[in-house]
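So the structure is just underneath, and the comments pick up after that.
The values are calculated or read from the model by the stated rules, or taken from the named source; none is laboratory data. Only a predicted model underlies this, so the values are computations on that prediction, with no experimental measurement involved. Counting neighbours? That spans all protein chains shown, and the Cβs are built from the backbone with ideal geometry, glycine included.
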Amino acid sequence: MWLARTGTFVLLIGLWAVPDYASAQEFGGGVERSRSLRYATIAASTAAAADWASTYHALKYYNVRETNPLLRGLDDSPGRMITLGAAIDAGAISAWTMTVGREHPKIATVGLWAMTAFRAYLTVHNMRNERRASRR
């Protein structure tokens, strides 16, 4: 249940934060570029949600530690760590799409797909760490 709630929360934040790039002022292919950037943003948000859900599960139920130095101090409070990390992700994805996405939508799309791949890797990494760690 917590996985569904966390994933839904992060996905909704991602969708809310991303503006609609299709406008009457765009020339030639603007709608298609907008659509591909939106799909990449949804994928990146979903991958981030999966990463945070697996991180929460690993911290709560297994003897693992967060390696990110910005979040390591919150190891004893997984809920706060996930909230802070999801807020950082929502801000970073929004800033990326609003700054790079306006001038260079193809580069922004590629960057978001790269983020999606990396976060998918982190999710698998968290699940492997759970197998190796002892249960609390």
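Summary of values
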{"read-out": "Members of region 59-106 found to be exposed (fewer than 12 other Cβ atoms within 10 Å of the Cβ) and of a type in the set (Val, Ile, Thr), listed by number", "value": "THR67, THR99"}
{"read-out": "Failed condition for LEU112, given (1) at pLDDT below 90; (2) closer than 13 Å to LEU37 by Cα; (3) within 15 Å of the chain's Cα centre (by Cα)", "value": "(1)"}
{"read-out": "THR109 surrounded by 14 or more Cβ atoms within 10 Å (Cβ to Cβ) and closer than 15 Å to THR46 by Cβ", "value": "no"}
{"read-out": "Residue in region 68-83 that is in contact (Cβ under 8 Å) with a residue 60 or more places away in the chain, basic (Lys, Arg) and touching a Lys or Arg at 6+ places or on another chain (Cβ under 9 Å) present", "value": "no"}
{"read-out": "The listed residue being among the hydroxyl-bearing types (Ser, Thr, Tyr), free of Cβ contacts under 8 Å to residues at least 60 places away in the same chain and in contact with a helix residue (DSSP H, G or I) (Cβ under 9 Å, 6 or more places away or on another chain), out of THR41, THR99", "value": "THR99"}
